[in-house]
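Data block below; observations after.
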Amino acid sequence: MAQQNLLLLPGDGIGTEIMAEVEKLIAHLNAKGLADVAFDTGLVGGSAYDAHGVAISEEDMQKALSADAVIFGAVGGPKWDNVPYELRPEAGLLRLRKDLGLFANLRPAICYPALADGSSLKREIVEGLDILIVRELTGGVYFGEPKEIHDLGNGQKRAIDTQVYETYEIERIARVAFDMARTRDNRVSSSEKRNVMKSGVLWHEVVSALHESEYADVQLDHILADNCAMQLVRNPKQFDVIVTDNLFGDILSDAAAMLTGSLGMLPSASLGAPDAGTGKRKALYEPVHGSAPDIAGQGMANPIAMIASFAMALRYSFEMVELADKVEAAIAAVLDEGYRTGDIMQDGCKKVSTAEMGDAIIAKL
Ligand code: IPM
Ligand code: MN
């Protein structure tokens, strides 16, 4: 069995508590001979700022670049509200995405049967939901230049963010979406705002052309992003794969997350292009939720999105698909048995701590 080298970046807030459950899981898999995972840890976000004065140190960036995969917790919190914009906790995550070239963000939203009543939507709307949001992650308004605030000198300021996409960026993310669709229900919905944005016009054009030339077997629809948001809460099961830009993907994936019962349930994978020599992709795995400073340090955070993110690493970086299936099945099984952290608590269920949830999943495995 090939040894896999992971970098764990727990980050801030609940990040450290939920990452501890991944460490326990790794120790278990190693001890049972089911995997051979070596890991190093680093600092990112506010914790890196406190230690090094930056959102991620050069040394930890180097570790991230040389690891087989990075497992990331969460960053941010009110403690760092007043640090300079370039040094804010989120800058560490954005640098990792950019410097590792992680342009493809996969955000699956699966509604576990046991949680269908936990969603704020009716059971019949979400039960059996299985959609995948493919979010472009290294372009668009997150990184476009200029990005600045000018003083106009008359008591007014002007703030500018730039939404910019080039053909190749749209084409490569659309390719990921079409390829993923072929392994699922073979349907892609491409979402943009071509009715008001030039980047949306180009997005529509490039996705359509790629579809016609290489993916005519996949069913393609185009949907305006605002309508997509509405359809996600009206009838989410109409979707299979949604491909969209960085900002719309951020927003639509939070909405999709809530369909599944709790933001604490959703993992994600951020992948780069396959290496020309080895075929391996750089990769970072992280829960979709944030650092939840309000509940940090109390041992009550839900570790499932974090553990499911590790399962995505097994699947996409280590090609250990069977083991990934087993981890995901163990999560479903403990939910069936009624184990619940506070965020997904329901009548008649067993309320457990972060560590108890991690232990239950390992015991199921
Ligand atoms: C996410 C987060 C990040 C984003 C923040 C923390 C910068 O909300 O991963 O969805 O906006 O991309
Ligand atoms: Mn987000």
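The values are calculated or read from the model by the stated rules, or taken from the named source; none is laboratory data. For clarity, every value in this text was computed on a predicted model and none was experimentally measured. Positions of Cβ are backbone-derived with ideal geometry, glycine not excepted, and every protein chain shown enters the neighbour counts. Surface accessibility is based on the protein's heavy atoms, side chains included, excluding ligands, DNA and RNA. Shrake-Rupley method; radii C 1.70, N 1.55, O 1.52, S 1.80 Å.
Data overview
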{"read-out": "Above-threshold pairs, the threshold being 25 Å between Cα atoms, out of Lys326/Lys351; Lys147/Lys280; Lys122/Lys326", "value": "Lys147/Lys280; Lys122/Lys326"}
{"read-out": "Whole-number percent relative contact order across the chain, with pairs defined as alpha carbons under 8 Å at least 6 apart", "value": "21"}
{"read-out": "The range 130-259, dipole about Cα centre (Lys/Arg Cβ +1, Asp/Glu Cβ -1), debye to the nearest 20", "value": "320"}
{"read-out": "Net charge, Ser199 excluded, C-beta distance under 13 Å - Lys, Arg +1, Asp, Glu -1", "value": "-4"}
{"read-out": "Neighbour net charge for Gly348 - beta-carbon separation under 14 angstrom, K R +1, D E -1", "value": "-1"}
{"read-out": "Convex hull of Cα atoms in the range 292-363, direction-averaged projection (nm²)", "value": "5.1"}
{"read-out": "Percent antiparallel among DSSP beta bridges (both partners in the range 130-259, rounded to 5)", "value": "25"}
{"read-out": "Convex hull of Cα atoms in the chain, direction-averaged projection (nm²)", "value": "19.4"}
{"read-out": "Antiparallel DSSP beta bridges within the chain, as percent of all bridges there, nearest 5", "value": "45"}
{"read-out": "J(HN,Hα) series, the range 283-295, from Karplus relation 6.51 cos²θ - 1.76 cosθ + 1.60, nearest Hz, glycine and proline x", "value": "8, 9, 10, 8, x, 6, 6, x, 8, 6, x, 5, 10"}
{"read-out": "Residue-averaged 222 nm ellipticity for the chain, from DSSP H runs of 4+ at -39500 (n - 2.57), nearest 500", "value": "-12500 deg cm²/dmol"}
{"read-out": "Surrounding net charge for Gly358, when Lys and Arg each add one and Asp and Glu each subtract one, Cβ distance under 13 Å", "value": "-3"}
{"read-out": "The range 130-259, relative contact order in percent, only Cα pairs under 8 angstrom and at least six apart counted", "value": "36"}
{"read-out": "Heavy atoms of Thr183 accessible to a 1.4 Å probe, total area in Å² rounded to 10", "value": "100"}
{"read-out": "For the range 130-259, radius of gyration divided by Kirkwood radius, i.e. Rg to Rh on alpha-carbons", "value": "1.04"}
{"read-out": "Mean projection area, nm², convex hull over Cα of the range 28-93", "value": "5.2"}
{"read-out": "Heavy-atom SASA rank of Arg234, Arg88 (probe 1.4 Å, accessible area, largest first)", "value": "Arg234, Arg88"}
{"read-out": "Accessible solvent surface per residue of the chain, calculated while the other protein chains remain in place, 1.4 angstrom probe, Å²", "value": "43"}
{"read-out": "Charge-dipole axis of the chain as Lys and Arg at +1 and Asp and Glu at -1 on Cβ define it, positive-most pick from Ile14, Phe39, Ala283", "value": "Ile14"}
{"read-out": "The chain, dipole about Cα centre (Lys/Arg Cβ +1, Asp/Glu Cβ -1), debye to the nearest 20", "value": "300"}
{"read-out": "Estimated dipole of the range 226-331 in Debye, rounded to 20 [Cβ of Lys and Arg +1, of Asp and Glu -1, Cα centre]", "value": "160"}
{"read-out": "Highest average packing first - 9-15, 349-355, Cβ atoms within 10 Å", "value": "9-15, 349-355"}
{"read-out": "Sulfur and carbon atoms: percent of accessible area, the chain [1.4 Å]", "value": "51"}
